[in-house]
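A.B. asks: Encoded as structure tokens, here's the structure I'll be asking about.
The values are calculated or read from the model by the stated rules, or taken from the named source; none is laboratory data. Quantities reported herein were computed from a predicted structural model and do not represent experimental measurements. Ideal geometry is used to build each Cβ from the backbone, glycine not excepted, and the neighbour counts take in all protein chains shown. SASA here: full protein model, heavy atoms, side chains in, ligands and nucleic acids out. Shrake-Rupley method; radii C 1.70, N 1.55, O 1.52, S 1.80 Å.
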Amino acid sequence: MGGRAVFPGLAAAVLLLSGCLSPIAMHRAVLEYDRTVSRVEAELLLLNIARARHYRPVHFTAVSSVAATFDFRVSAGILGRVGGLGPDADNAPVDLLYTTEVAENPTVTIIPIAGEEFTKRILRPLDESHFSFLTRQGFDLGMVLRLMAHGITIQGDSEPRTVLNRPARREEYTEFRRRLLHLSALHAAGKLRIAPIMYEERYPVALDRALTPAEAVAAIEKGYRWVPPAAPAQPAVLSRRITGRLTITNYDIHGLAEDARRRLNEEIERFPLDRVFVDLRPDGPGGDYPLRGYLLLRSFNAIVAFLARGVAEESEFPVERDPRTEVVPRNPARTLEIDESDSEPADAEFSVPFEGKHYTIRKFPITEGMVPSWNQEAFTVLSNLFQMTVTDVSTTRAPIISIPKGG
């Protein structure tokens with residue numbers, strides 16, 4: 001009877017082993033798929049910069065889904081003698097033999113990101129909402145603007161003038177960088193405010209009766225607030241809070257009178273959303289280097305082209321801060337250092353081959369003045385901008401390529 005007691009124990013061990021293997025295998029698979037897809041997206045981004053470097057059209061694809069099935073198999077057996085008769089029968093030698101096998105069968109679905117909608121999105125200039133979102137994430141202001149801004153339009157006493165973020169136009173690029181360094185220094189010191197204009201919009205209403213409850217509810221649902229008359233001879237007022245355009249200032253924009261805020265918003269509204277209003281007044285922090293004008297945001301496609309030209313054709317160069325600017329924590333020469341070489345460097349963070357060259361983002365930048373973590377952060381900002389540009393690929397109607405794992 002003792003020999004038979006082995007079988008329930010064997011069955012329990014097999015079931016326990018099978019239960020342990022399943023979650024472990026799935027856990028590892030999910031993590032590895034995530035790492036692989038993330039790396040593919042980063043290298044595709046770098047590949048398109050390399051394409052633009054050679055004036056080739058950019059092209060993006062996305063992994064929309066990974067479907068994997070797992071087959072867990074556990075077999076067990078007994079080797080040896082199961083004993084004979086007599087008092088030592090329960091001590092007969094028994095050897096357990098078991099084997100495990102995990103079979104994985106993934107199917108990866110790849111979608112080419114193309115079509116009129118996507119093309120318009122990467123060609124259309126980014127707007128102030130993209131800029132505001134990134135600054136709220138805590139990214140370096142100078143880093144974000146060096147990627148996103150095409151230039152600055154400066155309003156002066158005479159005609160407005162524009163300085164471009166183009167290293168080929170050395171004087172303009174130098175002034176552009178110095179203006180950005182001034183903004184970065186104020187932002188790092190907590191002396192810069194980036195916020196939308198907010199004010200109350202009021203509509204006097206002459207009524208011969210009070211609003212019914214249904215009318216009051218309808219007004220509230222549309223964002224209006226009912227203000228009863230202050231005196232019998234005065235009309236009632238419907239008011240609504242307006243969230244207007246984004247501003248960058250060295251003063252509290254909400255400290256202005258409400259009419260002044262409304263007029264300023266109306267002035268900014270004359271321009272498209274790809275212009276961000278900047279107002280550094282002489283009586284505020286950093287006012288000895290004043291600026292009133294607009295940051296001109298560019299498209300994602302233009303950002304890729306800017307980085308591609310910066311590989312060799314239009315390399316960025318060091319620019320020192322203006323004497324009126326406080327110390328800036330980080331001021332690397334290049335917005336994003338992309339190395340072009342005959343072979344892949346040993347310290348590559350990401351690297352792709354193209355046209356006989358390797359294009360690499362190093363873990364440790366080699367350009368003079370580059371900060372070690374700057375490259376990785378700037379590439380993260382670039383990736384976030386791309387993610388905000390593309391739509392949900394799961395609903396796309398573009399051709400889908402499914403690649404099952406070969407046998």
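A.B. asks: All but one of (1) touching a helix residue (DSSP H, G or I) at 6+ places or on another chain (Cβ under 9 Å); (2) open to solvent by 10 Å² or more (accessible area, probe 1.4 Å); (3) among the aromatic types (Phe, Trp, Tyr) hold for Tyr251; state the number of the condition that does not hold.
C.D. replies: Only one criterion is unmet by Tyr251, namely (1).
A.B. asks: Going through segment 297-315 one residue at a time, which ones are outside any helix (DSSP H, G or I), out of contact with any Phe, Trp or Tyr (no Cβ under 9 Å at 6 or more places or on another chain) and either open to solvent by 50 Å² or more (accessible area, probe 1.4 Å) or among the hydrophobic types (A, V, I, L, M, F, W, C) (or both)? Write out each step before concluding.
C.D. replies: In the first step, residues of segment 297-315 are kept if they are outside any helix (DSSP H, G or I); the result is 297-299, 310-315.
Okay, now just the ones that are also out of contact with any Phe, Trp or Tyr (no Cβ under 9 Å at 6 or more places or on another chain), so 299, 310, 312-313, 315.
Ala312, Glu313, Ser315, listed by residue number.
A.B. asks: Residues in segment 346-353: is at least one open to solvent by less than 60 Å² (accessible area, probe 1.4 Å), in a loop (DSSP other than H, G, I, E, B) and farther than 26 Å from Leu134 by Cα? Working first, answer last.
C.D. replies: First, pick out the residues of segment 346-353 that are open to solvent by less than 60 Å² (accessible area, probe 1.4 Å): 347-352.
Filter once more, keeping what is in a loop (DSSP other than H, G, I, E, B): 347.
Now drop any that are not farther than 26 Å from Leu134 by Cα, which leaves 347.
Within segment 346-353, one or more residues are open to solvent by less than 60 Å² (accessible area, probe 1.4 Å), in a loop (DSSP other than H, G, I, E, B) and farther than 26 Å from Leu134 by Cα.
A.B. asks: If a residue must be under 12 Å from His182 (Cα atoms) and open to solvent by 10 Å² or more (accessible area, probe 1.4 Å), how many such residues does segment 266-286 contain?
C.D. replies: Counting residues in segment 266-286 that are under 12 Å from His182 (Cα atoms) and open to solvent by 10 Å² or more (accessible area, probe 1.4 Å) gives 2.
A.B. asks: Name the pairs whose Cβ atoms lie under 6 Å apart, with the first residue in segment 369-382 and at pLDDT below 90 and outside any helix (DSSP H, G or I), the second open to solvent by 10 Å² or more (accessible area, probe 1.4 Å) and of a type outside the set (S, T, N, Q), and 6 or more positions between them or separate chains?
C.D. replies: Listed by first residue and then by second, the contacts come to Gly369/Pro318; Val371/Arg330; Pro372/Phe364.
A.B. asks: Could we say that Pro329 is open to solvent by 50 Å² or more (accessible area, probe 1.4 Å), farther than 15 Å from Arg146 by Cα and touching a residue at least 60 places away in the same chain (Cβ under 8 Å) here? Before you say what the answer is, go through the steps one by one.
C.D. replies: Values: open to solvent by 50 Å² or more (accessible area, probe 1.4 Å): yes; farther than 15 Å from Arg146 by Cα: yes; touching a residue at least 60 places away in the same chain (Cβ under 8 Å): yes.
In short, yes.
A.B. asks: Sticking with this structure for a sec: Go through segment 134-191 and give me each residue that's in contact with a strand residue (DSSP E or B) (Cβ under 6 Å, 6 or more places away or on another chain) and among the aromatic types (Phe, Trp, Tyr).
C.D. replies: Passing the criteria: only Phe176.
A.B. asks: Then there's this: For segment 155-188, give me the residue count where each residue is at pLDDT 95 or above, open to solvent by 30 Å² or more (accessible area, probe 1.4 Å) and assigned to a loop (DSSP other than H, G, I, E, B).
C.D. replies: Here the count works out to 3.
A.B. asks: Is it the case that some residue within segment 330-338 is farther than 21 Å from Ile49 by Cβ and at pLDDT 80 or above?
C.D. replies: For segment 330-338, residues farther than 21 Å from Ile49 by Cβ and at pLDDT 80 or above: present.
Residues checked against (1) modelled with pLDDT of 90 or more; (2) in a helix (DSSP H, G or I); (3) more than 32 Å from the chain's Cα centre (by Cα); (4) of a type outside the set (Gly, Ala, Ser):
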position: Arg225; (1), (2), (3), (4): no, no, yes, yes
position: Ala231; (1), (2), (3), (4): no, no, yes, no
position: Ala260; (1), (2), (3), (4): yes, yes, yes, no
position: Leu273; (1), (2), (3), (4): yes, no, no, yes
position: Asp279; (1), (2), (3), (4): yes, no, no, yes
position: Asp283; (1), (2), (3), (4): yes, no, yes, yes
position: Arg292; (1), (2), (3), (4): yes, no, no, yes
position: Leu295; (1), (2), (3), (4): yes, no, no, yes
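A.B. asks: Another question about this same structure. So if I check each of Pro323, Pro318, which one is farther than 25 Å from Val58 by Cα, at pLDDT 95 or above and open to solvent by 50 Å² or more (accessible area, probe 1.4 Å)?
C.D. replies: Among Pro323, Pro318, only Pro323 is farther than 25 Å from Val58 by Cα, at pLDDT 95 or above and open to solvent by 50 Å² or more (accessible area, probe 1.4 Å).
A.B. asks: Continuing with the same structure: Within segment 37-154, considering only helices (runs of 4 or more DSSP H) that don't extend past its boundaries, which have at least 1 residues that are open to solvent by 70 Å² or more (accessible area, probe 1.4 Å), farther than 30 Å from Gly190 by Cβ and modelled with pLDDT of 85 or more?
C.D. replies: Numbers: elements: 116-123, 128-136, 141-148.
In segment 37-154, the matching helices (runs of 4 or more DSSP H) lie at 116-123.
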